[in-house]
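Here, each number is a calculation from the coordinates, and none is a lab measurement. All of these numbers come straight from a predicted model, not from anything done at the bench. Here the Cβ positions follow ideal geometry from the backbone for every residue, glycine too, while neighbour counts run over all protein chains shown.
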Amino acid sequence: VRKMAVVHDCGFAINPLSVEGQIEGSSIMGAGYALAEELERRDGATLNPSLLEYRMPTALETCEVISGLVESMDPGGPYGAKEAGEGLMVGAAPAIANAVYDAIGIRIKELPITPEKVLKALDSRISSQS
């Protein structure tokens, strides 16, 4: 993923810069979930129990995020505000999965979407066509 555009209805943005930061952080978190993060287990044992083995994006591996705010007044929120946190990460995985499908014509249905899974899916399609 080289660039993501994310727009969020945050109600009234009490602190717009903070909301933009939440949008960017949550989007990158969702991309990490979609592409890299995987709890590996075998026979009940966790094979990647620390952050040294559990792969997640660092600042060097993040893409550009273009963020936008849609403001509305939520009567149930403080000063009309809504959440702008982890709820934003929900759309990243399906958007990335759809982009992979658009690119190769095969739907990868298991996260994370790794290069190995993409190659295996492409090999399966080639094998089935022979």
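With r defined as the distance between the Cβ atoms of VAL70 and ASP102 and R0 fixed at 25 Å, what FRET efficiency is calculated, to the nearest 0.05?
Efficiency for this residue pair is about 0.50.
Per Stokes-Einstein, at 20 °C and 1.002 mPa s, what whole-number D in µm² s⁻¹ belongs to the chain, with the Kirkwood radius over Cα pairs as the hydrodynamic radius?
128 µm²/s
Between GLU83 and ALA5, how high is the FRET efficiency from 1/(1 + (r/R0)^6) when r is the Cβ-Cβ distance and R₀ = 22 Å? Nearest 0.05.
The value I calculate is 0.65.
For the chain, set up a GNM with springs between Cα atoms under 10 Å and report which of ASP43, ASP74, ASP102 has the largest fluctuation.
ASP43
What lysines sit close enough to LYS117 to cross-link, taking a C-alpha to C-alpha distance under 16 Å and skipping anything fewer than 8 places away on the same chain?
Answer for LYS117, where 16 Å is the Cα cut-off: LYS109, listed by chain and number.
State the antiparallel share, in %, of DSSP beta bridges confined to the chain, rounding to the nearest 5.
25 percent
Check cross-link reach from LYS120 to the aspartates and glutamates: straight Cα distance under 20 Å, and skip same-chain residues fewer than eight apart.
GLU37, GLU38, GLU40, ASP102, GLU110
Between VAL118 and ASN48, how high is the FRET efficiency from 1/(1 + (r/R0)^6) when r is the Cβ-Cβ distance and R₀ = 22 Å? Nearest 0.05.
Efficiency for this residue pair is about 0.55.
Run through segment 8-77 and list the GluC sites (Glu not before Pro) located in a DSSP loop whose Cβ has at most 11 other Cβ atoms within 10 Å.
Details: sites: GLU20, GLU24, GLU37, GLU38, GLU40, GLU53, GLU61, GLU64, GLU71; in loops: GLU37, GLU38, GLU40, GLU53.
Of the GluC sites (Glu not before Pro), the ones in loops of segment 8-77 whose Cβ has at most 11 other Cβ atoms within 10 Å are GLU53.
Mean residue ellipticity at 222 nm from the helices of the chain, using -39,500 (n - 2.57) per DSSP H segment of n ≥ 4 over the full residue count, to the nearest 500 deg cm²/dmol?
Helices in the chain give a 222 nm mean residue ellipticity of -12000 deg cm²/dmol.
Excluding MET29 itself, what net charge comes from residues whose Cβ is under 10 Å from its Cβ, given Lys and Arg +1 and Asp and Glu -1?
Combined, the nearby Lys, Arg, Asp and Glu give -3.
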